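One structure is given below, encoded as structure tokens.
Values in this text are rule-based calculations from the coordinates and carry no lab data. In this text the structure is predicted, and so the values were computed from the model without any measurement. Every residue, glycine among them, receives a Cβ derived from its backbone with ideal geometry; neighbour counts consider all protein chains shown.
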Amino acid sequence: MAEIIVVTSGKGGVGKTTTSASVACGLARRGKKVAVIDFDVGLRNLDLIMGCERRVVYDFVNVIQGEASLKQAMIRDKRLDNLHILAASQTRDKDALSKEGVERVLNELADDDFDYIVCDSPAGIEKGAFLAMYFADKAIVVVNPEVSSVRDSDRILGLLASKTRHAEQGKRVSEYLLLTRYSPKRVESGEMLSIGDVEEVLGLKTIGVIPESPDVLNASNKGEPVVLDPNSNAGQAYEDAVARLLGDERPMRFTQVEKKGLLSKLFGG
């Protein structure tokens, strides 16, 4: 049975799509058969970050409305044969998605032996975001360590606890916190919330801390998920987060200010 993971947040621009792409790639690199779906109808970006925007012929809405089959719309990743992308529509509105249609697509993917289905949710609490989280077994809540992002994510946790299929069955969606754009220097100077601060407010344990890094934007511009860059701290942090999601123990890296050695201090390095 496929496990459905929603990548969600209350605030836009925190790195959900980057996270969805990197988590999907990370799972696929570990031998899992993975589908990643863009639920942001009208504002699709997942195909850009995955580097397959020119290969989109049919999209999620085409499949839901019976204008194309799922096999026609799914795009196989060029780097990982066991990773498939389902793009959102740029020309429809969010009302084109229906609960019945989304459930049918998810069931078809499960029947096709996918291990994981990653749902890239739009920000906020509108219809696309609700449908992205409704069928989820696990939720990765993406948060920037700032007050407005944390507050908005608290609202999302309320919806995960009350407005999902799991909630209707008296169960809970497994929730994980992923912090993005984390800067230990800014935390130390009091400009940014610490990991402990965010965990205390949201009541979640952190599955990953992605350091503030130009590598993320560079990777997105190249259509190459940052997790595939072994020389990037952000890529390594996403790899660690995927490992923890699968139950591996990994130390939390890139969360402390690097202390300069004696030679660096003497010679201004």
Inset, instruction - Report the relative contact order of the chain, percent, no decimals, based on alpha-carbon pairs under 8 angstrom and at least 6 residues apart. - result: 24
Legend entry - Rel. contact order, % - alpha carbon contacts under 8 angstrom, at least six apart, region 109-226: 23
Legend entry - Three-way shape call for region 182-224 based on the alpha-carbon gyration tensor, with the a/c threshold at 1.5: oblate
Inset, instruction - Mind checking which lysines have their Cα closer than 24 Å to the Cα of Lys185? Skip sequence neighbours fewer than 8 apart in that chain. - result: Lys11, Lys16, Lys205, Lys259, Lys260, Lys265
Inset, instruction - In whole Hz, with x marking every Gly and Pro, tabulate ³J(HN,Hα) for region 36-42 from phi via Karplus 6.51 cos²θ - 1.76 cosθ + 1.60, θ = phi - 60°. - result: 10, 10, 8, 8, 8, 4, x
Inset, instruction - Give a residue-ordered list of calculated ³J(HN,Hα) values for region 190-205 (Karplus: 6.51 cos²θ - 1.76 cosθ + 1.60, θ = phi - 60°; whole Hz; x for Gly, Pro). - result: x, 7, 9, 5, 7, 4, x, 4, 5, 4, 5, 5, 8, x, 10, 8
Inset, instruction - Give the dimensionless ratio obtained when the Cα radius of gyration of region 101-158 is divided by 2.2 N^0.38 Å. - result: 1.30
Inset, instruction - Within region 30-107, list the GluC sites (Glu not before Pro) lying in a DSSP loop whose Cβ has at most 14 other Cβ atoms in a 10 Å radius. - result: Glu67
Inset, instruction - Taking every pair of alpha-carbon atoms in the chain, give the share separated by more than 25 Å as a whole percent. - result: 43
Inset, instruction - Go through region 123-210 and name the trypsin sites (Lys or Arg not before Pro) that are in a DSSP coil and have 16 or fewer other Cβ atoms within 10 Å of their Cβ. - result: Lys163, Lys171, Arg172, Lys205
Legend entry - Evaluated at q = 0.12 Å⁻¹: base-10 log I(q)/I(0), Debye formula over Cα of region 65-175: -0.49
Inset, instruction - Send over the semi-axes of region 135-269's equivalent ellipsoid, whole angstrom and largest first, taken as the square roots of 5 times the C-alpha gyration tensor eigenvalues. - result: 31, 18, 13
Inset, instruction - Over the Cα atoms of region 1-101, compute the convex hull volume and normalise it per residue, giving Å³. - result: 113
